[in-house]
Each structure stands twice: as C-alpha cells, then as structure tokens.
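Colleague: To start, I am sharing the structure in question, which I have written as structure tokens.
Each reported figure results from applying straightforward, stated rules to the coordinates on display, with no laboratory input. Bear in mind that the values here come from a model prediction, so they are computed numbers and not experimental data. Quick reminder, even Gly has a Cβ in these numbers, built from the backbone with ideal geometry, and neighbours come from all protein chains shown.
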Amino acid sequence: MGREAFEALVDEAVEMIPPKLADMVDNVAVIVEDTPPTDGPSDLLGEYIGTPVTERWGYGGIGQLPDRIMVYRLPTLAICDTPQDVVDEVVITVVHEIAHYFGIEEDKLHELGWQ
C-alpha cells in the first residue's frame, strides 16, 4: 500500500476515535512516517512525542508546537492483511498514543487491552 492510501486510512481511523475522547485532545498532530527512528525498535507502530497533560506545569502558550502522534506505515503494513486491518490497527495505535498524551503508562494500557 502506498503512502497516500495509507494516510487516507489513518485519516479514516482518526475519525473513528470517539468524539468525547477526541474533544479532550488539544494541540496534537497525527503524522505518518514510513519507519520509526533507527535508534528504536523497528517494529514500532506508533509513538507519542510530547508532554503528557499530567506533566504540563507552565506548558503551552502562544507558539507552542503541537505534540505529535507518529504512525509508522511499514511496520503497520507488515502485520496487516487487509485495508480494514490497517484501519483497525491504526485506531488501536492512535488510541494507545492518545492515552500516553493523558499520562497513561504502558502497564495500564496492557491491563486495559490497548496493547
């Protein structure tokens, strides 16, 4: 699957995020990259880059760059068989990374089933 088609599926997946959850997220960009950084795991599907809301003391203001949710195309495609699998996996990945935005750690996410 090419980058443009994947980005369209990511957009579709982001639209599937429950509105109550999406409305609580502020100043976060969802960005597609082909591969994760070379200094991390090659099978990483996504990551949150920013300051969780639980750690935002004196954070923000005019000109504050957005936090980022990165979605990595090639590792995602490697584990998916169909376009719907891609949408489902991206929804899981984006919700997982939004949880990090809210300060929810990996162990709690695994406990809740958002692996």
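Colleague: Order these by the 10 Å Cβ neighbour count, fewest first: Phe6, Phe102.
Modeller: So the residues, fewest neighbours to most, are Phe102, Phe6.
Colleague: If you take every DSSP beta bridge fully contained in the chain, what fraction is antiparallel? Give it as a percent rounded to 5.
Modeller: 40 percent
Colleague: To the nearest 500 deg cm²/dmol, what mean residue ellipticity at 222 nm is calculated for the chain from DSSP H runs of n ≥ 4 alone, each contributing -39,500 (n - 2.57), summed and divided by the residues?
Modeller: -13000 deg cm²/dmol
Colleague: Can I ask one more? What is the sum of charges, Lys and Arg at +1 and Asp and Glu at -1, for the other residues whose Cβ falls under 12 Å from the Cβ of Ala5?
Modeller: It works out to a net charge of -2.
Colleague: Which net charge results when you count Lys and Arg as +1 and Asp and Glu as -1 among the other residues whose beta-carbon is under 12 Å from that of Pro52?
Modeller: Taking every Cβ under 12 Å from that of Pro52, the sum is -3.
Colleague: Mind checking the log10 I(q)/I(0) for the chain at q = 0.10, 0.13, 0.17 Å⁻¹? Debye, one equal scatterer per Cα, no solvent, two decimals.
Modeller: For the chain, the Cα-only Debye profile gives -0.29, -0.50, -0.85.
Colleague: Determine the relative contact order of the chain: mean sequence separation of Cα pairs under 8 Å and six or more apart, normalised by residue count, in whole percent.
Modeller: 33 percent
Colleague: Continuing with the same structure: Using just the C-alpha positions of the range 24-89 as equal point scatterers, what log10 of I(q)/I(0) does the Debye formula give at each q in 0.15, 0.18 1/Å?
Modeller: Summing over Cα pairs of the range 24-89 leads to -0.59, -0.76.
Colleague: Taking Cα atoms, how many degrees apart are the long axis of helix 83-101 and the longest axis of the chain, rounded to 10 and kept between 0 and 90?
Modeller: That helix lies at roughly 20 degrees to the long axis.
Colleague: About the Cα centre of the chain, how large is the charge dipole given +1 on each Lys and Arg Cβ and -1 on each Asp and Glu Cβ? Please answer in debye to the nearest 20.
Modeller: 340 debye
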